[in-house]
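Following: one structure in structure tokens, then a few remarks.
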Amino acid sequence: MKFWNYKNALLIVLAGLLPATVNAADAIKGEEVAVLTDAPEVPPPITRKHSTKVIVNLETKEVKMRLADGVDYTFWTFGGKVPGKFIRIREGDQVEFHLHNHPSSKLPHNIDLHAVTGQGGGAEGSFTAPGHSSTFNFKALNAGLYVYHCATAPVGMHIGNGMYGLILVEPKDGLPKVDREFYVMQSEFYTKGKYGAPGLQPFSMAKAVEEKADYVVFNGNVGAITGDKALKAKVGDSIRLFVGNGGPNLVSSFHVIGEIFDKVYVEGGKLVNENVQTTLIPAGGSAIVEFKTQRASTLILVDHSIFRAFNKGALGMIKVEGEENKEIYSGKTADGIYQPEGGVIQEMGAEAPKQVPAKNLEERLAGGKRIFDTSCFACHQSNGQGLPGAFPPLAGSDFLNKNKDKAISAVIHGLEGPVKVNGKEFNSVMPAQLLSDEDAANVLTYVYSMWGNSKKVVTPEEVKAVRAAGKK
Ligand SMILES: [Cu+2]
């Protein structure tokens with residue numbers, strides 16, 4: 001055989017071998033129906049080592065649900081909740097996607113999966129009228145954590161009403177094993193009434209266009225993962241959060257108060273960053289963050305665009321149970337007095353500058369409103385409604401209305417440990433408010449005059465007496 005023939009024979013053999021090996025790993029073997037979960041649950045990790053045909057069944061549905069305490073909203077959903085069902089597949093899988101639009105829907109919907117390489121990410125093949133189903137197929141070419149959303153016109157309105165979720169395409173070799181995985185998705189809502197305005201709130205197109213969100217939330221409503229509904233973990237657990245941002249408009253500065261992310265899969269892709277405090281998650285984007293819990297505490301999830309966290313709802317919790325570890329964090333070990341220039345400065349904080357006392361109830365209420373709007377509303381919220389699981393309500397609060405001295409003491413001395421307000425337990429810390437007797441009297445009189453409270457009047461003399469009696 002001539003050399004030429006050898007070479008060709010070799011090439012032919014190679015050409016035969018190469019595709020064969022690629023095909024063996026990539027061949028679709030068998031089929032399965034995808035397990036879908038509601039947030040904060042995540043479907044179990046994929047353990048199979050081959051590609052398969054995955055059948056996904058997802059239903060669009062328009063449902064009225066809670067947006068905040070006393071506030072309802074008609075959400076448009078993938079699977080009946082916001083965010084939509086979590087879908088977990090493996091790189092190389094062949095997906096047969098069935099989108100069903102519930103007969104009770106008022107509108108047609110479709111789905112654009114960012115994990116799809118194809119026209120409209122599937123939107124073009126999935127436009128579905130109420131009471132109909134659409135089927136399309138795609139191959140999961142790229143591993144990563146991807147957002148999906150409705151892309152029916154007006155697109156902003158379908159996304160703004162809750163139509164988004166996450167699909168994870170696990171890399172062929174899987175993700176490293178962790179103890180707990182959670183699904184968290186941020187998004188905003190634009191309502192006719194402002195934050196906390198009660199009743200069924202319609203969508204505001206005008207505010208959405210101006211990007212003036214009334215609510216910024218994790219997992220579809222204010223308090224979805226706080227208090228009793230906090231995510232739970234144990235000391236020593238490795239935790240992985242699949243974090244998405246549905247938008248429709250805002251970029252999230254995702255941060256967990258009290259933790260450092262050991263790893264961030266930046267933008268939900270392959271690049272891993274380490275030792276990260278805050279990670280930016282674009283609208284229509286994601287991140288995978290991982291950390292290990294080292295001590296018992298309540299970790300607070302926030303959008304560090306911080307007014308969103310404390311005034312619009314972008315706040316969640318992970319309760320980590322187990323040992324406190326004083327070496328990692330000691331808590332306060334000393335509370336000393338700091339007087340670089342003698343006692344003068346302290347005086348100033350509490351009492352000076354000398355104030356003109358209120359001459360009548362009207363002036364007391366006006367002064368009180370000013371204090372409330374600067375010192376109290378950030379925690380107790382603008383209508384005194386509080387934040388479930390975090391800050392007790394002042395509106396209609398039995399604690400407040402029952403005992404004036406205790407209310408005064410809470411304001412001037414602070415309050416910590418378990419308290420019951422309207423049957424709900426709070427166990428947190430209210431810092432002492434640095435207010436003069438006059439200001440404390442004004443703000444409490446104002447609070448008592450508002451939101452169905454008992455209209456008690458608090459005088460500076462009463463505040464002075466409680467101050468003199470000291471913290472009980
Ligand atoms: Cu839609």
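In order along segment 429-438, the phi-based Karplus estimate (6.51 cos²θ - 1.76 cosθ + 1.60, θ = phi - 60°) of 3J(HN,Hα) comes to 10, 9, x, 4, 8, 6, 10, 5, 4, 4 Hz; Gly and Pro are listed as x. If you sort the three axes of the alpha carbon gyration tensor as a ≥ b ≥ c, you get a/c of 1.5 or more for segment 181-321 and a/b no higher than b/c, which makes it oblate.
When the charge dipole of segment 27-173 is built from unit charges on Cβ atoms (+1 for Lys and Arg, -1 for Asp and Glu) and taken about the Cα centre, the candidate among H102, G92, P154 whose Cα reaches farthest toward its positive end is G92. The modelled label-to-label distance between I28 and T459, using points 7 Å beyond Cα along the C-beta direction, is 8.3 nm. Were the residues from K64 through E96 laid out at 0.36 nm apart, the gain over their Cα-Cα distance would be 8.6 nm. Annotation for segment 41-94 versus segment 394-472: alpha-carbon center distance of 45 Å. Any idea what diffusion coefficient segment 361-469 gets from Stokes-Einstein, in µm²/s, Kirkwood Rh on alpha carbon pairs, 10 °C, 1.306 mPa s? D = 117 µm²/s.
When the listed pairs K81/K263; K229/K326; K212/K263; K359/K456; K172/K234; K177/K326 are checked against a 21 Å cut-off, the alpha-carbon distance exceeds it for K81/K263; K229/K326; K212/K263; K172/K234; K177/K326.
Would you compute, from DSSP H runs of 4+ residues alone, the mean residue ellipticity of the chain at 222 nm, taking -39500 (n - 2.57) per run and dividing by the full residue count, rounded to the nearest 500? The helix contribution divided over the chain gives -6000 deg cm²/dmol. Using R0 = 51 Å, the C-beta based FRET efficiency linking Q277 and L141 works out to 0.95. Annotation: the antiparallel percentage among DSSP beta bridges lying fully within the chain is about 70.
Quick one: grab the alpha carbon gyration tensor of the chain, order the square roots of its eigenvalues as a ≥ b ≥ c, and give me rounded if a/c is under 1.5, else prolate or oblate depending on whether a/b is larger than b/c. Prolate is the answer for the chain, as a/c is 1.5 or above and a/b outweighs b/c. Going through segment 59-138, which trypsin sites (Lys or Arg not before Pro) have at most 14 other Cβ atoms within 10 Å and a DSSP loop state? Passing sites in segment 59-138 are K106. A 1.4 Å probe run over the protein chains yields, for the chain, 49 Å² of accessible area per residue, whole-number rounding. Reducing segment 250-285 and segment 171-198 to their Cα centroids gives an inter-centroid distance of 13 Å. Here the extension length gained between N325 and L361 equals 7.9 nm, from 0.36 nm per residue of separation less the Cα-Cα distance.
Ordering L250, G223, G236 by the projection of their Cα atoms onto the charge dipole of segment 181-321, which places +1 on the Cβ of Lys and Arg and -1 on the Cβ of Asp and Glu, puts G223 at the extreme positive end. Between T374 and A469, the simple spin-label model (points 7 angstrom out along Cα→Cβ) gives 2.9 nm. When both bridge partners sit in segment 181-321, DSSP labels roughly 75% of those beta bridges antiparallel. In a reduced charge model with +1 at each Lys and Arg Cβ and -1 at each Asp and Glu Cβ, the chain shows a dipole moment near 560 debye about its Cα centre.
Which loop-located trypsin sites (Lys or Arg not before Pro) does segment 255-338 contain, where loop means any DSSP state but H, G, I, E or B and the Cβ has at most 12 other Cβ atoms within 10 Å? Here the trypsin sites (Lys or Arg not before Pro) that fit, given the DSSP loop and packing criteria, are K270, K326, K332. Maximal additional length on extending the D179-T47 stretch stands at 46.0 nm, based on 0.36 nm per residue less the C-alpha distance. Judged by the ratio a/c of the largest to the smallest principal axis of the C-alpha gyration tensor, segment 177-239 counts as prolate, that ratio being 1.5 or greater while a/b is larger than b/c.
The values are calculated or read from the model by the stated rules, or taken from the named source; none is laboratory data. Everything quoted here is computed from the prediction, not taken from an experiment. Reconstructed Cβ throughout: ideal geometry from the backbone, glycine too, with neighbour counts over all protein chains shown. All accessible areas refer to the heavy atoms of the entire protein, side chains included, with ligands and DNA or RNA removed. Shrake-Rupley method; radii C 1.70, N 1.55, O 1.52, S 1.80 Å.
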